[in-house]
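To start, the structure itself, in structure tokens.
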Amino acid sequence: MNRAKIIKTDQEHQQALERLMQLMDKDPVAGTAEADELDLLALLVEHYERERYPIEPPDPVEAIQFRMDQMGLTRNDLTQYIGSTSRVSEVLNRKRPLSLNMIRKLSSGLGLSADVLIREPNQRSANESDIDWQAFPLAEMRNRGYFDSFSGSLQELKEYAAEHLSRFLDSVPGGPSLRPALLRTSAHLRPNDKEMDSYALCIWQIRVLQKAQATPLPTRYKIGTVNQEFMVRLARESWSSQGPLIAREYLNRHGIHLVTEPHLPRTYLDGAVCKNADGNPVIAFTLRHDRLDNFWFTLMHELAHIALHLDGDAAWFIDDLDVEDNNRVEREADMLAQDVLIPQARWGERKPADIPSVVALAGQLNIAPEIIAGRLRRESNNHKLFGKRFRTKIKPLFATEFART
């Protein structure tokens with residue numbers, strides 16, 4: 001009996017065919033050694049031919065035209081699947097690619113396999129997901145210039161939403177982990193009575209990672225770098241009018257990204273912290289509250305997460321600091337942030353009650369008086385306290401980053 005083996009060359013293929021023909025002529029009885037050899041040889045020959053001479057799938061346009069001929073359809077009949085008559089003409093003349101939306105309609109309406117019509121890898125993965133591509137904030141993303149290579153209308157973007165969004169979601173390492181079914185993430189979020197738009201939140205997270213990726217850092221982050229001493233030293237930069245920019249430079253030198261990205265509708269967040277694919281922490285701000293005190297408290301809160309929690313299970317900590325959260329993790333971050341900015345022992349002695357005492361305490365602690373005034377406003381729930389004093393805005397320092405929003 002000849003010993004069957006994997007076929008690797010055309011010569012071996014020819015020899016296997018000759019042996020296969022010999023066995024077929026003998027018509028061996030099922031269960032015999034020769035019958036088993038025949039079955040095995042048939043599989044080996046089929047495998048080699050499939051690998052060596054792959055059959056190209058039919059061209060999508062030709063498949064559509066063939067089905068039109070079979071069903072007696074005209075181009076007008078395709079408008080319900082593709083769109084206007086001009087768009088049908090563009091597709092059939094190969095001047096416009098099929099969108100996933102068109103493919104799904106054609107597959108259902110004409111009985112064509114989606115595998116025949118799909119040509120782009122991103123379309124295949126998008127088709128296999130259960131994501132509602134129209135649920136993303138497409139209009140806002142277009143207005144902000146999130147799609148670098150797209151300059152068409154909103155309607156055009158909606159038609160090719162799956163294609164553009166797939167590329168966007170896959171644009172940074174770590175991004176695909178944010179897009180399982182229903183867009184569940186491993187983020188820690190503060191509880192909120194308002195319904196969070198998970199699609200918009202996912203997009204915001206990807207945008208943050210994109211911005212971090214676009215700005216390589218001079219060094220890698222070393223675990224343990226951020227501690228209370230590190231945070232206190234950084235908080236003292238709040239005294240400078242350029243403090244937030246100095247903070248960014250300081251953090252960058254220690255392997256920490258600091259990026260700003262305005263929040264998207266129905267995301268309700270002030271800031272977040274995560275690690276990118278390189279292991280460097282990324283702190284992100286929305287600056288939705290355009291106040292210096294909010295910036296510094298948010299920064300210290302996210303740094304506290306780096307110092308205390310970022311090496312745990314959560315990939316992200318996403319914070320709406322307007323919401324009270326009794327969760328241990330958030331309570332620890334709040335307490336450390338408060339103590340770094342204004343030591344609790346000092347705050348408990350005698351809280352400042354007027355403008356001169358705010359300025360005096362700020363001078364003693366080497367921090368911006370806005371931080372002290374802001375804490376007094378929050379604790380008293382009196383946001384009119386001190387009138388127009390201590391209300392320095394933060395966005396002018398990041399004007400170019402907010403120019404398109």
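The values are calculated or read from the model by the stated rules, or taken from the named source; none is laboratory data. Quick caveat, the model's predicted, so the values are computed rather than measured. Note that we place each Cβ from the backbone using ideal geometry, even for glycine, and neighbour counts take in every protein chain shown.
The table below lists the values:
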read-out: Selection from the stretch 329-360 of residues that are at pLDDT 95 or above, buried (at least 19 other Cβ atoms within 10 Å of the Cβ) and farther than 17 Å from F230 by Cα; value: V358
read-out: Test result for P28, assigned to a loop (DSSP other than H, G, I, E, B) and either of a type in the set (F, W, Y) or closer than 30 Å to N101 by Cβ (or both); value: no
read-out: Boolean, Y48 is under 30 Å from K5 (Cα atoms) and buried (at least 17 other Cβ atoms within 10 Å of the Cβ); value: yes
read-out: Number of the exception - F317 against (1) of a type in the set (A, V, I, L, M, F, W, C); (2) surrounded by fewer than 18 Cβ atoms within 10 Å (Cβ to Cβ); (3) assigned to a strand (DSSP E or B); value: (2)
read-out: Index of the failed condition, N93 passing every other in (1) surrounded by 13 or more Cβ atoms within 10 Å (Cβ to Cβ); (2) more than 30 Å from I7 (Cα to Cα); value: (1)
read-out: Flag for K222 being in the same structural domain as H301 (by TED's automatic domain parsing), in contact (Cβ under 8 Å) with a residue 24 or more places away in the chain and within 17 Å of N276 (Cα to Cα); value: yes
read-out: Search result, residues across the stretch 237-257 that are in contact with a strand residue (DSSP E or B) (Cβ under 8 Å, 6 or more places away or on another chain) and either without any contact (Cβ under 8 Å) to a residue 40 or more places away in the chain or over 20 Å from F398 (Cβ atoms) (or both); value: R248, L251, N252, G255
read-out: Options S129, S99: the member that is assigned by TED's automatic domain parsing to the domain that holds M68, under 24 Å from the mean Cα position of the chain (by Cα) and either modelled with pLDDT of 90 or more or surrounded by 12 or more Cβ atoms within 10 Å (Cβ to Cβ) (or both); value: S99
read-out: Residue within the stretch 324-338 that is in contact (Cβ under 8 Å) with a residue 12 or more places away in the chain, touching a Leu at 6+ places or on another chain (Cβ under 9 Å) and not aliphatic (A, V, I, L, M) present; value: yes
read-out: Residues satisfying the stated conditions in the stretch 368-397, i.e. within 19 Å of L341 (Cβ to Cβ) and touching a Phe, Trp or Tyr at 6+ places or on another chain (Cβ under 6 Å); value: A368, P369, E370, I371, A373, I394
read-out: Residue among K105, K95 that is of a type in the set (K, R) and farther than 26 Å from I131 by Cα; value: K95
read-out: Count - residues of the stretch 249-280 that are closer than 15 Å to P218 by Cβ and crowded, with 21+ Cβ neighbours inside 10 Å; value: 4
read-out: Among residues of the stretch 136-162, those that are of a type in the set (D, E) and within 16 Å of I206 (Cβ to Cβ), counted; value: 2
read-out: From the options L264, L234, L269, residue that is in contact (Cβ under 8 Å) with a residue 40 or more places away in the chain, in contact with a Phe, Trp or Tyr (Cβ under 9 Å, 6 or more places away or on another chain) and in a helix (DSSP H, G or I); value: L234
read-out: Residue match in the stretch 43-60 (condition: in contact (Cβ under 8 Å) with a residue 12 or more places away in the chain, part of a helix (DSSP H, G or I) and over 30 Å from A16 (Cα atoms)); value: yes
read-out: Scope the stretch 1-42; condition over 30 Å from D115 (Cβ atoms) and touching a residue at least 40 places away in the same chain (Cβ under 8 Å); matching residues; value: A4
read-out: Count of the stretch 137-157 residues which are outside any loop (DSSP other than H, G, I, E, B) and buried (at least 17 other Cβ atoms within 10 Å of the Cβ); value: 4
read-out: Neighbours by Cβ (under 7 Å, 6+ apart or cross-chain): first from the stretch 386-401, assigned by TED's automatic domain parsing to the domain that holds D293; second surrounded by fewer than 16 Cβ atoms within 10 Å (Cβ to Cβ) and of a type outside the set (A, V, I, L, M, F, W, C); value: K393/D290; I394/D290; K395/D290
read-out: Filter result (over 17 Å from L308 (Cβ atoms) and basic (K, R)) within the stretch 325-352; value: R346, R350, K351
read-out: Any hit, the stretch 196-216, residues being exposed (fewer than 14 other Cβ atoms within 10 Å of the Cβ) and either part of a helix (DSSP H, G or I) or modelled with pLDDT of 95 or more (or both); value: no
read-out: Verdict on I318 being over 23 Å from G243 (Cβ atoms) and touching a His at 6+ places or on another chain (Cβ under 9 Å); value: yes
read-out: Test for A307: is it of a type in the set (A, V, I, L, M) and surrounded by fewer than 23 Cβ atoms within 10 Å (Cβ to Cβ); value: yes
